[in-house]
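Okay, structure first, notes after.
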Amino acid sequence: MVSGKFIVFEGIDGAGKTTQIDLVAKNLKEQGLQVLCTREPGGTRIGEMLRKFLLDPANGDINPRTEAFLYAADRSQHVTEVILPALEEGKIVICDRYLYSTIAYQGWGRGIDTGFLTSLNGLASDGLVPDRVILLDIDVDTGLQRALGERLPDRLEIEKNAFFQRVRQGYLEQAKLHPEIFRVIQAGADKMEVNRRVLAALDWR
Ligand code: TYD
């Protein structure tokens, strides 16, 4: 039996997911709640190996379908090993990226059929759908500037601006398709203002 709550953060690179997850986790813990923060790709020993491979700019020759399968493999491991057990223990699970990243990046970004990816996602997640998806929406130029700062881009960040425009659009379309779980938050504002909006969007209680 699943008695916890499952919150997912989504958005293009540089939307500020990491900062907002840290702030929300702190807030929920201060309320005495048990919180587990995790991420995709990653979150398990096998997943962290897949993550290293997926983000390595040396693997630029990866086929888009292979890429989709590896994100799905990571998700399958993550759901069974980490997310479901934590939800069964009644924890609040906050996950940095989930199913919707695959539809946005591999579907809208790379052009893989989204119907196929939805089936793949269903298999990988064992049908587990979050209680809330926080989509941090930001314009592509600001996001990429924030993401990169001084560091070198990883394999996905090397993509052109047009790729991220499609990814952003893919997220906004998914939010329209699933209004019952998605909340779209304008993430260009000051981080504490964005945090206020995120907390207000965790309104299932
Ligand atoms: P990460 O460093 O976690 O990005 P961020 O800090 O912006 O969340 O890198 C994850 C990258 O993997 C990111 O560029 C999005 C991509 N990704 C996919 O393309 N498909 C997926 O299903 C997932 C989970 C991530």
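Every read-out reported here was derived from the displayed coordinates using simple, explicitly stated rules and does not represent laboratory data. Values in this document were obtained by computation on a predicted structure and should not be read as measured data. Glycine also receives a Cβ, built like all others from the backbone with ideal geometry; neighbour counts cover every protein chain displayed.
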Work out how much length Ala200 to Ala58 would gain on full extension: take 0.36 nm times their residue separation and subtract the Cα-Cα distance, in nm to one decimal.
47.0 nm
Would you mind ranking Met49, Met192 so that the residue whose beta carbon has the fewest other beta carbons within 10 Å leads the list?
Met192, Met49
Given the options Gln186, Thr66, Leu199, identify the residue whose Cα lies farthest towards the positive end of the charge dipole of the chain (+1 on Cβ of Lys, Arg; -1 on Cβ of Asp, Glu).
Leu199
Quick check on the range 88-170: take the gyration tensor over C-alpha atoms, sort the square-rooted eigenvalues as a ≥ b ≥ c, and tell me if it's rounded (a/c under 1.5), prolate or oblate.
oblate
Label-point separation, Thr142 to Glu89 (7 Å along Cα→Cβ), nm
3.8
HN-Hα J in Hz across the range 88-102 - Karplus 6.51, -1.76, 1.60, θ = phi - 60°, x for Gly and Pro
5, 7, x, 7, 8, 9, 10, 10, 7, 6, 7, 2, 6, 5, 5
Per the C-alpha gyration tensor (a ≥ b ≥ c, the square roots of its eigenvalues), the range 5-201 is rounded if a/c is under 1.5, else prolate if a/b beats b/c, else oblate; here it's rounded
Sequence order, the range 40-56: Karplus ³J(HN,Hα) from phi using 6.51 cos²θ - 1.76 cosθ + 1.60, θ = phi - 60°, Hz rounded, Gly and Pro as x, gives 10, x, x, x, 9, 4, 5, x, 5, 5, 5, 4, 4, 5, 5, 8, 6
In nanometres, what is the gap between the two model label sites at Leu172 and Thr118, each 7 Å from Cα along Cα-to-Cβ?
2.1
How much length would be gained if the chain were fully extended between Arg151 and Asp190, taking 0.36 nm per residue of separation minus their Cα-Cα distance, in nm to one decimal?
11.8 nm
Along Cα→Cβ, 7 Å out, is where each label goes; now give me the distance between the ones at Ile46 and Thr19 in nm to one decimal.
3.6
Ranked packing of 22-32, 124-134, most packed first, by mean Cβ within 10 Å:
124-134, 22-32
